[in-house]
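Presented below is the structure to which this report refers.
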Amino acid sequence: AQTVTQSQPEMSVQEAETVTLSCTYDTSENNYYLFWYKQPPSRQMILVIRQEAYKQQNATENRFSVNFQKAAKSFSLKISDSQLGDTAMYFCAFMKGYGGATNKLIFGTGTLLAVQP
Amino acid sequence: DGGITQSPKYLFRKEGQNVTLSCEQNLNHDAMYWYRQDPGQGLRLIYYSQIVNDFQKGDIAEGYSVSREKKESFPLTVTSAQKNPTAFYLCASSPLGQGARNEQFFGPGTRLTVL
């Protein structure tokens, strides 16, 4: 069975600074997807970034980027130039690839990020 | 405007009552999911459905039931058998199939409180 671990329950960063959120996962699959979701105080889950395991290049979306280390089963999220609107709970999630896929997501327990003015 | 809607936003239930949470999507997605969110535990899968008139249990299905009579609708019933139903419930949908973008889209959630 797959598991996702987020070892940082809470983090804090100053506005305009850079912060990295950690995520590790365990799987025997070779084909899978990894995601970071953001849940602000409104509680709406918003997809931040996705990574296909077969791609060596790290995904980037504006100020958000990942460091995907497949051998180490590590998938960290870097937020550059942090903004007050980045304050949210961040969830790392795993999805098996096509071929066994129901597109089920397995979530970590989340990291609560507070951006300080 | 395409998206997922959940209603109601807040729901209060007396012990021993069944309640049904609504989830509707107009994204033409094949798959739909129900998650439960508790503090410090992330999201846990209750039920999911890949096709109309078919659904499968997730990790915490006991005390819950679902139906999928239409592609766009996937209501969740929280029965009196659910021992600790107070939680935040999220519905999601996803396209399936080769070439589909493998990600889930979430509704705004329903907060259920048992009085």
Worksheet item: By how many nm would the segment from A:Lys73 to A:Ala114 grow when fully extended, if each residue of separation counts as 0.36 nm and the alpha-carbon distance is taken off?
Response: 12.2 nm
Worksheet entry | Calculated FRET value between B:Ser80 and B:Ser7, using beta carbons and R₀ = 25 Å, to 0.05 | 0.70
Worksheet item: How high is the relative contact order of chain B, in percent, counting Cα pairs under 8 Å that sit 6 or more residues apart?
Response: 34 percent
Response to the item:
The relative contact order of chain A, taking Cα pairs under 8 Å that sit 6 or more residues apart, comes to a percentage of 37 percent
Worksheet item: With every protein chain present, what is the per residue accessible area of the protein assembly as shown (1.4 Å probe, Å²)?
Response: 48 Å²
Worksheet entry | Spacing of the two label points (7 Å from each Cα toward its C-beta) at B:Leu96 and A:Asp81, in nm | 4.1 nm
Practice prompt. Would you mind calculating the relative contact order of region B:69-115 from Cα pairs under 8 angstrom and at least 6 residues apart, reporting the percent as a whole number?
Written response: 37 percent
Discussion item. Output wanted: per-residue J couplings in Hz (rounded whole) for region B:46-59, from phi through Karplus 6.51 cos²θ - 1.76 cosθ + 1.60, θ = phi - 60°, x for Gly and Pro.
Written reply: 9, 9, 8, 9, 9, 7, 4, 6, 9, 7, 10, 6, x, 7
Discussion item. Give me the percent of accessible area attributable to carbon and sulfur for the protein assembly as shown, probe 1.4 angstrom.
Written reply: 46 percent
Item to complete: Can you pull out the buried accessible area for chains B and A, both sides counted, probe 1.4 Å, rounded to the nearest 100 Å²?
Response: 1900 Å²
Discussion item. Viscosity 1.567 mPa s, temperature 4 °C: give me the Stokes-Einstein translational D for chain B in µm²/s, with Rh taken as the Kirkwood radius over C-alpha pairs.
Written reply: 91 µm²/s
Worksheet item: Given the Cα atoms of the protein assembly as shown, and with Rh set as the inverse mean 1/r over their pairs in the Kirkwood sense, what is Rg to Rh to two decimals?
Response: 0.97
Practice prompt. Could you work out the per residue convex hull volume over the alpha carbons of chain A, in cubic angstrom?
Written response: 96 Å³
Worksheet entry | Filter on A:Lys73/A:Lys104; A:Lys70/B:Lys83; A:Lys73/B:Lys9; A:Lys38/B:Lys71 - keep pairs with C-alpha separation over 29 Å | A:Lys70/B:Lys83; A:Lys73/B:Lys9
Fill in: Shielded by partner chains, region A:24-58 residues - at least 20 Å² of accessible area, 1.4 Å probe, vs chain alone
A:Tyr33, A:Tyr37, A:Gln39, A:Arg43, A:Gln44, A:Met45, A:Leu47, A:Arg50
Worksheet, complete the sentence: One finds, for B:Asn28 and B:Arg111 with R0 = 35 angstrom and r their Cβ-Cβ distance, a FRET efficiency to the nearest 0.05 of 0.80
Worksheet, complete the sentence: Rounded to the nearest 5, the percent of DSSP beta bridges in chain A running antiparallel is 90 percent
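The values are calculated or read from the model by the stated rules, or taken from the named source; none is laboratory data. Being a predicted model, the structure only gives us computed values, none of them experimental. As a convention, Cβ positions derive from the backbone with ideal geometry for all residues, glycine included, and neighbour counts pool all protein chains shown. Remember, those area values only see protein heavy atoms, side chains included, never the ligands or the DNA or RNA. Shrake-Rupley method; radii C 1.70, N 1.55, O 1.52, S 1.80 Å.
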